Amino acid sequence: MRAANARNLHGHVIQELGVRIVSGALLPGEALPREEVLAEQMAVSRTALREAMRVLSAKGLIEARPKVGTRVREERYWQQLDADVLAWRCASMPTADFVQKLVEMREIFEPAAAALAARRCNADQFERIESAYKAMEAARNTDEWAVADLEFHETVLLATNNELMISLFSVVETALGSYFVLSARKSSDFKYSLPHHRKVYEAIRRREPEVARRAMLQMILDSRAHITGKPRARKSA
């Protein structure tokens, strides 16, 4: 019980300080209070505080120097793809910036993942994609939709059978989950993107990599346009 309580306390410190740093409440170069003062402010033991500080240091958010103390590091040193840092960043980022940066990331790897899935997907993996798609069809509210939507994109990545690409999902999972909830809540019809998902699903089923790639890219671009309210620019023939 004591060990669990200690983990909860130092987890609370990590969350509290991490959010403050990433949101800009604590600025780069700013010194944190002395250990005993900060421990008292956060109502934790100095042992729990030290453990939390080690974690935040490993994430690149802070650094401790002799005779200088602990300071917030510049943003370029942060472990931007750390799951916690990414989650804190997404939570504090203005909606327009969050959408733009996540869409740029998705444009790079998700169309390629859809194409690979169409080439390499095995029967069990396709069943999971199909199941996720049917869960989207059956969703009764935005929460159910967002869960099924996230599952659909995860199963497509798993079907690439590329361990490096699959690992990207664990990195961006929190950001994608937030994005799908935002997208669903922005619409009077939260299933507006279901036809795009069906095109990806059908292209994978028919083993058509380029069709799957184009369908996934169209889905991403249309989703961005829907959230931002800006129509997609149409290319001339």
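The values are calculated or read from the model by the stated rules, or taken from the named source; none is laboratory data. What you see is a predicted model, and the numbers here were worked out from it, not measured in a lab. Ideal geometry is used to build each Cβ from the backbone, glycine not excepted, and the neighbour counts take in all protein chains shown.
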Which ones in segment 90-132 are part of a loop (DSSP other than H, G, I, E, B) and either in contact with a Pro (Cβ under 9 Å, 6 or more places away or on another chain) or modelled with pLDDT under 85 (or both)?
-> MET93, PRO94
Say whether the condition of being among the hydroxyl-bearing types (Ser, Thr, Tyr) and surrounded by 14 or more Cβ atoms within 10 Å (Cβ to Cβ) is met by at least one residue in segment 7-25.
-> no
Mind checking which residues of segment 101-116 are loosely packed, with under 14 Cβ neighbours inside 10 Å and in contact (Cβ under 8 Å) with a residue 12 or more places away in the chain?
-> none
Filter segment 206-224 down to residues that are over 22 Å from the mean Cα position of the chain (by Cα) and either farther than 14 Å from ASN122 by Cα or crowded, with 16+ Cβ neighbours inside 10 Å (or both), then give me how many there are.
-> 6
Taking the stated definitions as given, is GLY60 over 30 Å from THR228 (Cβ atoms), part of a loop (DSSP other than H, G, I, E, B) and of a type outside the set (A, V, I, L, M, F, W, C)?
-> yes
Restricting segment 117-146 to residues that are crowded, with 17+ Cβ neighbours inside 10 Å and aliphatic (A, V, I, L, M), the residue that is farthest from ALA91 (Cα to Cα) = ALA118
Taking first residues from segment 148-159 that are closer than 16 Å to ARG213 by Cα and in the same structural domain as ARG128 (by TED's automatic domain parsing) and second residues anywhere that are crowded, with 23+ Cβ neighbours inside 10 Å and small (Gly, Ala, Ser), the pairs with Cβ under 6 Å that are 6 or more apart or on different chains are VAL156/ALA113; VAL156/ALA114; VAL156/ALA117; LEU157/ALA113; ALA159/ALA117
Have a look at ARG76, ARG46 and point out the one that is out of contact with any helix residue (DSSP H, G or I) (no Cβ under 7 Å at 6 or more places or on another chain) and farther than 30 Å from MET216 by Cα.
-> ARG76
Take segment 31-44 and flag every residue that is touching a residue at least 12 places away in the same chain (Cβ under 8 Å) and surrounded by 13 or more Cβ atoms within 10 Å (Cβ to Cβ).
-> LEU32, GLU35, MET42, VAL44
Picked from segment 65-89 (must be modelled with pLDDT of 90 or more and surrounded by 14 or more Cβ atoms within 10 Å (Cβ to Cβ)), the residue farthest from GLU16 (Cα to Cα) is TYR77
Does any residue of segment 2-25 turn out to be more than 27 Å from the chain's Cα centre (by Cα), among the hydroxyl-bearing types (Ser, Thr, Tyr) and outside the structural domain of ASN161 (by TED's automatic domain parsing)?
-> no
Output the residues belonging to segment 147-168 that are in a helix (DSSP H, G or I) and either touching a Lys or Arg at 6+ places or on another chain (Cβ under 6 Å) or farther than 17 Å from MET216 by Cα (or both).
-> VAL147, THR155, GLU163, LEU164, SER167
Any chance ARG20 is without any contact (Cβ under 8 Å) to a residue 24 or more places away in the chain and either not in a helix (DSSP H, G or I) or not polar (S, T, N, Q) (or both) = yes
